[in-house]
There are 4 protein chains.
Amino acid sequence: MPRNVSKRRLRAGIVGGGQGSFIGAVHHVAAELDGQAEVIAGAMSTDPQRARASAEAWYLKRSYDSFQEMAEAEAKLEDGIDFVNVVCDKPMTFNLEQAQELVSLVEHKNLIFALTHNYTGYPAVRHARALVRQGAIGEIRKVLVEYIQDWLMEPEEKSGNKQASWRTDPGRSGIAGCVGDIGTHGENLLEFISGLKIKSLCADLTTFVEGRPLDDDANMLLRLENGGKGILTCSQIAAGEENGLSIRIYGSKAGLEWHQQEPNTLLFKPHGQPQQILRTGFGYMSDDAKAATRTPAGHPEGFYEAFANIYKMAIADIRRVESGQKPEGGYPTVYDGLRGMQFIYKAVESSQKGAVWVDMD
Amino acid sequence: MPRNVSKRRLRAGIVGGGQGSFIGAVHHVAAELDGQAEVIAGAMSTDPQRARASAEAWYLKRSYDSFQEMAEAEAKLEDGIDFVNVVCDKPMTFNLEQAQELVSLVEHKNLIFALTHNYTGYPAVRHARALVRQGAIGEIRKVLVEYIQDWLMEPEEKSGNKQASWRTDPGRSGIAGCVGDIGTHGENLLEFISGLKIKSLCADLTTFVEGRPLDDDANMLLRLENGGKGILTCSQIAAGEENGLSIRIYGSKAGLEWHQQEPNTLLFKPHGQPQQILRTGFGYMSDDAKAATRTPAGHPEGFYEAFANIYKMAIADIRRVESGQKPEGGYPTVYDGLRGMQFIYKAVESSQKGAVWVDMD
Amino acid sequence: MPRNVSKRRLRAGIVGGGQGSFIGAVHHVAAELDGQAEVIAGAMSTDPQRARASAEAWYLKRSYDSFQEMAEAEAKLEDGIDFVNVVCDKPMTFNLEQAQELVSLVEHKNLIFALTHNYTGYPAVRHARALVRQGAIGEIRKVLVEYIQDWLMEPEEKSGNKQASWRTDPGRSGIAGCVGDIGTHGENLLEFISGLKIKSLCADLTTFVEGRPLDDDANMLLRLENGGKGILTCSQIAAGEENGLSIRIYGSKAGLEWHQQEPNTLLFKPHGQPQQILRTGFGYMSDDAKAATRTPAGHPEGFYEAFANIYKMAIADIRRVESGQKPEGGYPTVYDGLRGMQFIYKAVESSQKGAVWVDMD
Amino acid sequence: MPRNVSKRRLRAGIVGGGQGSFIGAVHHVAAELDGQAEVIAGAMSTDPQRARASAEAWYLKRSYDSFQEMAEAEAKLEDGIDFVNVVCDKPMTFNLEQAQELVSLVEHKNLIFALTHNYTGYPAVRHARALVRQGAIGEIRKVLVEYIQDWLMEPEEKSGNKQASWRTDPGRSGIAGCVGDIGTHGENLLEFISGLKIKSLCADLTTFVEGRPLDDDANMLLRLENGGKGILTCSQIAAGEENGLSIRIYGSKAGLEWHQQEPNTLLFKPHGQPQQILRTGFGYMSDDAKAATRTPAGHPEGFYEAFANIYKMAIADIRRVESGQKPEGGYPTVYDGLRGMQFIYKAVESSQKGAVWVDMD
């Protein structure tokens, strides 16, 4: 039923994210962080008992055994959840066909659909994009993207680690492991900041941990639509690395460098001039970066806050749509999700053919 | 009226923090971040109109014109606020007498009283304390504490900056400026991690910006109760610095180093051995650090999360007390607030006498 | 004529390195740095006047117009130069055939021949190799090598920059630009530290600056002889980068990271444990690192000192040979030079065929 | 006898620096590094046998048993040493009276006298001074100087460590330990870069290692002649620190930060603008910095090169004087040595009186 959301927090329902989940808890905190929404209902696990316990631990009003049940029941309630619009984690779907289907569905239903390629929510990342758009680095020539971790360098999936278990199982994760789980974040970040599409790629996927059916490491050469060149490397066996997402972009005038583990800093590197340490919270940052920043310079904002920025923008759009305004976007959408699935398929195809060049489109 | 809080989020009321406030918004987010409390009522400004607008922007259920009014009204409501216990910002009071009075009050009423010396909420800070307690650095010999900023290096208080205005006004801030605002954080951090009291100090307070009635910079020599020596410097005129709180502690076996602007890292420096980069989120961290961490290593947690840790511990104690258990503490209390006021008074006394040594007790 | 060198500094002659040269001056300083040799003669330029002026500026005893002349004349002198043995810069020769020839020559004449792949002279690099040899990082899985600069991002060769001029001229530099000039250092460093050979590569060479006949950027996928994978990227158009040579190696137990611009630090990254900051000058470093270190920890040693280490080892071998002992090596030799030329040829071949895989052997 | 030095390397004699010495070897390398001088004679130890062995290891032409003997003998030789001018290490003398005497002597004899406050030889330090002189940071308000090490945190002097032995012995080191050995470097660096004199100080010296007769740690409050304030801390018991000399200067416009362990970088911190990473070797550096730099950006220069810069400037002055020109200076002189001795005496006086304020003049 249509509901007026203008004078209250939005009411959200959560699917998945039961106890033991990492990203479920992040979604919960991020959705509520700015006081614009509250999670009140959930179908938090396929195991009903676990679903109920999880819902209770979070003080949800209502727990359901399935998302279908939640959707049906909440729709009938006066104080039911508002989110028929959707904030979805990535990779968006199990396979490419589903991704294409989902695009149709979103287009047809005219939904707000936000995808948590959460790293685009960092203010420094948004400022990097603004600098590229302003022409501050000139024509892009070279891009180096890394996403390196080590948490799967041992066969964790055999020791009962739930996170490891589904990520290394083709039946649940689809055709790619590391490339799907984190490589797609790299691809998304590159295209988000540079404003350029990857034209073709040459990918060398490897499984280093014996008996694992999916890749746990990949190295790729990239060619961009403007003639720029690049490298993307992702790994879950890079010993000693935590969550090492980083990007460096080199243009005909200047370079940029950003590291997720020190997210409030962006290096700007003009040719022949001193490098500048750009820091979130300063007046010299772009409006887009400022809108994604909550505190003055020197007060570190992190993973949750970036994640919450995706929610904040999506919720603002939901409010706009509910009050008859046009959505303004700014967050990753179903098209980013589709692009990510295409990237996965092309990377796997390239590697299976012997690490040869394949076109993205 | 007594309320059962075991199966729901706590209901909080907020005093101050109206639009334009920095720390008010932080309290709001921090209180709610873990889904353990919700702010539902407020007396957010002494200007009633601003109070109402602020409350509306945050979707509070009820707005009041004063905290007295809020207290009275909420106490009578079935679904009124639960926080008769208090989370208070620092410096705790306007002057030392009030601080002493407040200590009596808290002791007499047997309240949960948490003070947001928020920097003690960082997991790496808590791990530093754990290492000191374990004896990992040996007997403490030398401590270097800094809290340096630059936001008051120009006469901002004359350009309508509200934050600057009250912080440089003796009528609202008391006898100290920079020392009260940030020096106390340094003192608290030092005593928190080291487990040692400052025995005496020699403080040189300066006002660099002309016409400002309170100090905007201070350098201090410290002597600790165990014979250790130290330096504490705080400044709001240190050009180019953001929110530069840091601490280095040197013992007879090893050293420690922590910087608030990269809060997830703690350096451990054993004599003659490689320095170790300790990072939050790892299994090797102490239980106290783990309890203050929400995400795996490499997912940066920042200012909000540390602030929320103070709330989380205080709320846990409120729940304990409500269910008849004993509180467990872990957060700064009214005694830390009193200690901070004493520190302010001693630093000002030392400086006024010509930067001479004065005993803390 | 045979000379007793045991009680005096070796006497060296220099070929090239006239005024305006960068690396010539480095050779001079490096050769003499440890007081084991002195440069007394030179054929410093093909322009005789420039040769003489250069020799005078350095207070050489004798200046020649050509290296042939120098060789002949010095051989006849009582106090002539000792270096019939050779320290040579890289790339070793103009083309692959010459490299093979030189190998034969060195083998046949039984000469000491040192190649200044100078980056292997850094103590931290030598310690990295020692750690790999000890098994401290386990079986190598992944290697990331970078050598990125920006000094050719504009067409410097058209503005009279001598350094730029010969490096972008196929008539003087051979078939590769950036790959030959700095890519080979990356290749050499990788094989030096890892002890592994590159088995095959897929290289994408690019010329970004219009009108330049040689590559100024390259991205490569690598496969190592043990099944490990890698990336090597080199660039002279990476805006804002100085002399950014770095290497990261990930094994089945731990990772290593080293950056040439902070050469006294080596990061050791054991899985699940704190990263260690290994620093030159400490007792815990390997003997090989210690032998390459002149000062206690905290006294930065840099480019010259690393360069001088190659000379130091070569001179020690010359002294050994002169006194009838066996040479001990430790420095890059003619075989490293040949390997570098092969690498250049394979990278160019791969790229010319469309960035396809080619085997190194 | 007067000698023409214009067409040859200067000939130097060395006093001290025998085998096992650290700084003696540094002087040797530094003196010769630029090919402008060669050490040919020495009185390297008070133990004649050790003197001879040391001289032989360095291939000196002549070894003497005492500096008097060397002076007399060399003066008579055609190819004797040129250095009647002097490059001297710091602290310059054993006590203050000798320092004053030496000043008279140098003034009277009109000698070139260079003191190796070597840290002023770093190009980034010289650039910092240039920026201050240009007014780039405005009026100086606050200075933070540190020189912290840990190599004396154990009683090394009792385990036969020669370096430790003389540095902790009042009979050889004079009235101060840590303050004399490294504190003076801090004082010199501060006055060199800032161009300001320390007006008064309040110093708290401590001996942490039992049984040691001299200080091994000191904390000081400083007041500068222009009203600026400061802190100087030096320590040889700061666990895990190597050779941690650093300086931060804050003016009314901008701040500066430099760390000896990463000497090629200078941070420039303008208020409200991005921090700039200034790097040696770039065209934007000042002429004074450029004159002290030998390699392009990204080729690290370190301790030896900075040390050699003192020699280079002194040798250039010797050449000037020999050829009838006026000396140009640029290096620390006998007056810096005197100033250092005064600093030591005032710091000790302040501390002995209970860490009270004393005027420098």
Exercise. Scanning for something more than 27 Å from B:L33 (Cβ to Cβ), assigned to a helix (DSSP H, G or I) and open to solvent by less than 40 Å² (accessible area, probe 1.4 Å), does the stretch A:321-336 turn up at least one residue?
Worked result: yes
Exercise. Would it be correct to say that D:L222 is within 20 Å of D:Y122 (Cα to Cα) and open to solvent by less than 10 Å² (accessible area, probe 1.4 Å)?
Worked result: no
Exercise. Could you list, in sequence order, the residues of the stretch D:51-73 that are open to solvent by 70 Å² or more (accessible area, probe 1.4 Å) and out of contact with any helix residue (DSSP H, G or I) (no Cβ under 9 Å at 6 or more places or on another chain)?
Worked result: D:R52, D:E56, D:F67, D:Q68, D:E69, D:E72
Exercise. Farther than 26 Å from D:A30 by Cβ and part of a helix (DSSP H, G or I), is that true of C:D288?
Worked result: no
Exercise. Looking at (1) away from chain C (no Cβ under 14 Å); (2) under 24 Å from the mean Cα position of the chain (by Cα), which is the only condition D:K76 fails?
Worked result: (2)
For this session: Can you tell me which residue among A:S159, A:S194 is open to solvent by 40 Å² or more (accessible area, probe 1.4 Å) and not charged (D, E, K, R)?
Result: A:S159
Exercise. Which residue out of D:R133, D:R129 is touching a helix residue (DSSP H, G or I) at 6+ places or on another chain (Cβ under 7 Å), surrounded by fewer than 21 Cβ atoms within 10 Å (Cβ to Cβ) and at pLDDT 95 or above?
Worked result: D:R129
For this session: Could you tell me whether the stretch A:284-305 includes any residue that is on the phi > 0 side of the Ramachandran plot, open to solvent by less than 10 Å² (accessible area, probe 1.4 Å) and modelled with pLDDT of 95 or more?
Result: yes
Exercise. Just wondering, is there one or more residues in the stretch D:80-98 that are farther than 23 Å from C:T295 by Cα and within 14 Å of chain C (Cβ to nearest Cβ)?
Worked result: yes
Exercise. Scanning for something modelled with pLDDT of 95 or more, more than 11 Å from chain C (Cβ to nearest Cβ) and farther than 20 Å from A:T120 by Cβ, does the stretch A:272-279 turn up at least one residue?
Worked result: yes
Exercise. Taking the condition crowded, with 23+ Cβ neighbours inside 10 Å, out of contact with any strand residue (DSSP E or B) (no Cβ under 9 Å at 6 or more places or on another chain) and of a type outside the set (G, A, S), does B:N95 pass?
Worked result: no
Exercise. In the stretch B:109-130, is there at least one residue being within 12 Å of another protein chain (Cβ to nearest Cβ), more than 30 Å from B:I247 (Cα to Cα) and of a type outside the set (F, W, Y)?
Worked result: no
For this session: Look through A:A347, A:A355, A:A314 and report the one residue that is on the phi < 0 side of the Ramachandran plot and within 14 Å of chain C (Cβ to nearest Cβ).
Result: A:A347
Problem set entry | Of all residues in the stretch A:337-360 being free of Cβ contacts under 8 Å to residues at least 12 places away in the same chain and not in a helix (DSSP H, G or I), the one that is most open to solvent (accessible area, probe 1.4 Å) | A:K353
Seminar exercise, completed: Checked the stretch D:238-271 for anything small (G, A, S) and open to solvent by 30 Å² or more (accessible area, probe 1.4 Å); matches are D:S252
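The values are calculated or read from the model by the stated rules, or taken from the named source; none is laboratory data. It should be emphasised that the depicted structure is a prediction, and the values quoted were computed from it without experimental measurement. Quick reminder, even Gly has a Cβ in these numbers, built from the backbone with ideal geometry, and neighbours come from all protein chains shown. The area values use the complete protein model at the heavy-atom level, side chains included, leaving out ligands, DNA and RNA. Shrake-Rupley method; radii C 1.70, N 1.55, O 1.52, S 1.80 Å.
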